[in-house]
Amino acid sequence: MSETDPPLAPGLYLVATPIGNLEDITMRALRVLRSADRIACEDTRQTRKLLDRYGISTPVISSHEHNEGERSRQLLADLRQGARIAVVTDAGTPGISDPGMVFARAAIEAGVPVYPIPGASAALSALIASGLDTEQFFFSGFLPPKAGARRTALEDLAGSLTKPVTLIFYEAPHRILETLADLASVWGEECCVVLARELTKIHEEFLRGTVAEIRGDLASRETIRGEMVLLVAAQPRGEGSVSAKGSVVQRLKELETTEGLSEKDALKRIARQRGLAKSELWRELQRERARGR
Ligand code: SAM
């Protein structure tokens, strides 16, 4: 704590840290990190880089998704005694696809004040520069890594939309091509997407275009790397949408093979996702079978 810093009130401080550029941190965040009794962080080496850059020597303890529950019990005991604990993650805002929520809930239940110290977040940074609609957006974090579950998650999202909305996902470079292929089958090749890569870093890049264009661009690269946020200008499922027209036979087969669903359960799921009565879907299935699709 510096001589000029006012004392910090006891409580839990959820402090946002940079997502690449170390200048992206607020003066308040630095003051909190300097004045806290302890900083709970995911990877102490990563956080040390930030603290060293700003000459902060507050003790750090490691707290990651595997010990968040256990750690929060220990920290809670200290917080009840009047400690000032800061929580940071490796990058960005705690609790956003990162540890933080468990701490916040535990502190609230114990009657300990919880203070948000806002700052960088990859989702909002990507959104504001994407050029997509910022009025209505839905942050969906990481999609499931397994193909069947990912496709189901996207189908469920598509089925739940009642108006156009910008969807925001975090994605890993080794899965991006598969995810774009899934987006194409749910919303069509012409659906507009933005891929925001390496935000705030030297190689920051925005790819804007249709799913087909972005897939083509990435597929032509020798390697696909870097941290990325994927944004989708998602339309509600309409009569004319690709997913509404998609083959029931094909989707049925997918759910039976990738998720092991019985025909009955798979049809129930498809009907719900497409907003159709089961009898209506059954008739469509019979028509498709008769046509040999
Ligand atoms: N809590 C963080 C936040 O507020 O943005 C997110 C943490 S999450 C574990 C990490 C994911 O966020 C990465 O896999 C990537 O999808 C996204 N991300 C983080 N930093 C990024 C950056 N500089 N550029 C693009 N995406 C980033």
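Counting only protein heavy atoms, what percent of the accessible surface of the chain is carbon or sulfur at a 1.4 Å probe?
Working: 7850 of 15010 Å².
C and S atoms contribute 52 percent here.
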Inset, instruction - Using DSSP, restrict attention to beta bridges with both residues in the chain and report what percent are antiparallel, rounded to the nearest 5. - result: 50
Inset, instruction - Round to a whole angstrom and tell me the spacing of the C-alpha centers of the range 9-52 and the range 120-174. - result: 28
Inset, instruction - Classify the chain as rounded, prolate or oblate from the Cα gyration tensor: take a ≥ b ≥ c as the square roots of its eigenvalues, call it rounded if a/c is under 1.5, otherwise prolate when a/b beats b/c and oblate if not. - result: prolate
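Quick one: of Lys163/Lys253; Lys49/Lys201; Lys253/Lys278, which pairs are farther than 24 Å apart, Cα to Cα?
Listed pairs above 24 Å: Lys163/Lys253.
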Inset, instruction - Could you please put Phe169, Phe137 in sequence from largest to smallest accessible area, using a 1.4 Å probe? - result: Phe137, Phe169
Legend entry - Restricting the range 22-69 to GluC sites (Glu not before Pro) in coil, as DSSP defines it, with at most 12 other Cβ within 10 Å: Glu23, Glu65
Legend entry - Under-5 Å amide H pairs with Cys192, H placed in peptide plane, nonlocal only: Ala233
Inset, instruction - Might you tell me the accessible area per residue for the chain, computed with a 1.4 Å probe and given in Å²? - result: 51
Legend entry - For the range 1-104: rounded, prolate or oblate by the Cα gyration tensor [a/c cutoff 1.5]: oblate
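What is the magnitude of the charge dipole of the chain about its Cα centre, with +1 placed on the Cβ of each Lys and Arg, -1 on the Cβ of each Asp and Glu, and no other charges, expressed in debye to the nearest 20?
840
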Inset, instruction - Would you look at the GNM of the chain, springs on alpha carbons closer than 10 Å, and say which of Leu183, Leu195, Leu79 moves the most? - result: Leu79
Inset, instruction - Sort the range 248-291 into rounded, prolate or oblate with this rule: let a ≥ b ≥ c be the square roots of the eigenvalues of the Cα gyration tensor; rounded if a/c is under 1.5, and if a/c is not under 1.5, prolate when a/b is larger than b/c, oblate otherwise. - result: oblate
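The values are calculated or read from the model by the stated rules, or taken from the named source; none is laboratory data. Remember, predicted model here, so these are calculated numbers, not experimental data. With ideal geometry, Cβ positions are generated from the backbone for all residues, glycine too; neighbour counts draw on all protein chains shown. All accessible areas refer to the heavy atoms of the entire protein, side chains included, with ligands and DNA or RNA removed. Shrake-Rupley method; radii C 1.70, N 1.55, O 1.52, S 1.80 Å.
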